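What follows is calculated from the coordinates using simple rules that are stated; it is not laboratory data. Values in this document were obtained by computation on a predicted structure and should not be read as measured data. For neighbour counting, all protein chains shown are included, and Cβ atoms are generated from backbone atoms with ideal geometry for every residue, glycine included.
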Amino acid sequence: MGGGVIGLSCAYELQKRGHQAVVLEINRCGGQASGAAAGMLAPYSENVEGPDAFFHLCNESLRLYPEWVKEIKRVSGREFEYTESGSLYIAYHEADRLALEGRLLWQREHGSTGALLEGEELFAREPLLSREVKAALYTPEESHLYAPDYVMALEQACRLTGVQIEEQLVQLTVEEWRNDVVVKAQDGRSFNGDRLLVCSGAWAQELADVFGIRIPIYPIRGQICAYEAEVKPVQHMVFSNQGYLVAKENRTLVCGASEDVAGFDTTVTDKGIERLRKWNKQAFPFLAEQTPFHRWAGLRPSTQDGFPLLGRLSASDRVVMAAGHYRNGILLSPVTAKVAADYIERKKLPEAMEAFDPERFSI
Ligand code: FAD
Ligand code: GLY
């Protein structure tokens, strides 16, 4: 259930392993959070606290990406941008610079070959960056892709390998999940299977009563915008604790993103975009003269503890959950596909995966 980046990646992986996958989507594939994403593959910049289980999952997914991208491009026959740009996490004050130094220490123990840059060295790398920036943490390992094209390629890879994709299904009801799997659509169609994989992002909590567990997944709206950029004005993904900027091959400069509690409302507000613009011109003064030509929003599936719900249900190992990827669902798509497919195949997974047990809130 669910045809976002997670559902499509899992369906592709399962089909490749010899199963018949069926994607049940109430809207259009990629029409929600996945199509709205900035496409950054940034486990170091997005995980600032420390090397917890979530960081390791994100980092493992980053490691899988180069091969995964090649495979999806080859199988789908579609091109999409995948750029190994590296990232800069900027600091304006001494206290923030100290925090970056601390982060560099643990991140270097976990695969980063990063460095703290300042002065000429920093501005040579990112010439248009504000001279107010005191230092930046450079992480060469981080990359990004163009999310809407990536999701379309995934969908095409699914179709060409034989995944059955059913879109615009109005109101799906899970009728049976313990001894068999039966999902009914409002138009009377019935979908039967051996396993049910729940990939319905911010909507997954709708199934809490069906399974009798707590599924604390909530939508957090991300408002985001893009500027036209004839010449690539920003060389890296640039992060701060206020937002991020990333230049795309299609000559746009994408800048995100708010974190709003607004239910399932995907409206873009002037206030939300103004806040981003304020931060953008602080980081890159040339943006003071420019106005974003495009603005949009998506609903991140956030969870109570920030970790996704990824694993089997104890009441029936026919049901696997893969939802709640919050800010990192694009990054996590290859690793989620492999882990979810292992659960579907009833393989034993490493103990570390217990951190994502979908029933951890139900005890
Ligand atoms: P979705 O893409 O929301 O897909 C869920 C699908 O399930 C939807 O298509 C929906 O219609 C469908 N559905 C809902 N209910 C049902 C049902 N009952 N039955 C069947 N289908 C159903 N992540 C990154 O890694 N890098 C980034 O740079 C990044 N930037 C982001 C920027 C913004 C502005 C936003 C909003 C998100 C960003 N994210 C990023 C996060 C990322 O987009 C999400 O984590 C990811 O898209 C979640 O994927 P998903 O497939 O779980 O959810
Ligand atoms: N990962 C970027 C965002 O969620 O906005």
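How far is helix 53-76 tilted, in degrees, relative to the longest principal axis of the Cα atoms in the chain, given as a value from 0 to 90 rounded to the nearest 10? So the inclination is approximately 80 degrees. Taking R0 as 22 Å, what's the FRET efficiency between GLU118 and PHE293 from their Cβ-Cβ distance, rounded to 0.05? Step by step, r from the Cβ atoms, then E = 0.10. Dividing the helix sum by the residues of the chain, where each DSSP H run of 4 or more adds -39500 (n - 2.57), gives a mean residue ellipticity at 222 nm of -9500 deg cm²/dmol. Relative to its residue count, the chain spans a Cα convex hull of 135 Å³ per residue. The chymotrypsin sites (Phe, Trp or Tyr not before Pro) of segment 268-302 that DSSP puts in a loop, and whose beta carbon has at most 14 other beta carbons within 10 Å, are PHE293. Stretched out straight at 0.36 nm per residue, the stretch from ASP52 to THR161 would grow longer than its current Cα-Cα span by 35.7 nm. When a/c is below 1.5 the answer is rounded, else prolate if a/b is larger than b/c, else oblate, so apply that to segment 13-99 with a ≥ b ≥ c taken from the square roots of the Cα gyration tensor eigenvalues. Taking the square roots of the gyration eigenvalues as a ≥ b ≥ c, segment 13-99 is prolate. For a straight C-alpha distance cut-off of 21 angstrom, the lysines reachable from LYS281 (same-chain residues fewer than eight places away being disregarded) are LYS134, LYS232, LYS248, LYS271.
Overall size of segment 255-363 from C-alpha positions, given as principal axis extents largest first: 56, 25, 20 Å. Under 14 Å of direct C-alpha separation, and excluding same-chain neighbours fewer than eight residues apart, LYS278 reaches these aspartates and glutamates: ASP270, GLU289.
Peptides 5-18, 344-357, 44-57 ranked from most to least packed by the mean count of surrounding Cβ atoms within 10 Å: 5-18, 44-57, 344-357. State the three equivalent ellipsoid semi-axes of segment 150-305, derived from the C-alpha gyration tensor as the square roots of 5 times its eigenvalues, in descending order and whole Å. For segment 150-305, the semi-axes come out at 39, 20, 13 Å. For segment 206-363, a crude dipole built from +1 on the beta carbon of Lys and Arg and -1 on the beta carbon of Asp and Glu, taken about the Cα centre, is about 280 debye to the nearest 20.
Counting only DSSP beta bridges with both residues in the chain, the antiparallel share comes to about 85 percent.
Projecting the Cα atoms of SER362, SER240, ILE217 onto the dipole axis of segment 217-363, where Lys and Arg carry +1 and Asp and Glu carry -1 at the beta carbon, places SER240 farthest toward the positive end. Helix 5-16 and the longest principal axis of the C-alpha atoms of the chain enclose an angle of approximately 60°. Of HIS19, MET1, LEU332, whose Cα points farthest to the positive end of the dipole of the chain (charges on the beta-carbon: +1 Lys, Arg; -1 Asp, Glu; origin at the Cα centre)? Positive-most Cα among the choices belongs to HIS19.
Stretching the chain fully between THR267 and SER130 yields a gain of 46.2 nm (0.36 nm per residue, less the alpha carbon separation). Note on ARG275 and GLU109: with the Förster distance fixed at 30 Å, the Cβ-Cβ geometry gives a FRET efficiency of about 0.30.
A simple charge model with +1 on the Cβ of Lys and Arg, -1 on the Cβ of Asp and Glu and nothing else charged puts the dipole of segment 268-341 at about 60 debye relative to its Cα centre.
Positive contributions from Lys and Arg (+1) and negative ones from Asp and Glu (-1), summed over other residues with Cβ under 9 Å from the Cβ of ASP317, come out at +4. When Rg and Dmax are taken over the Cα atoms of segment 92-234, they come to 23.7, 66 Å. When all alpha carbon pairs of segment 37-151 are counted in 10 Å bins from zero, the resulting P(r) reads 13, 40, 31, 14, 2 %.
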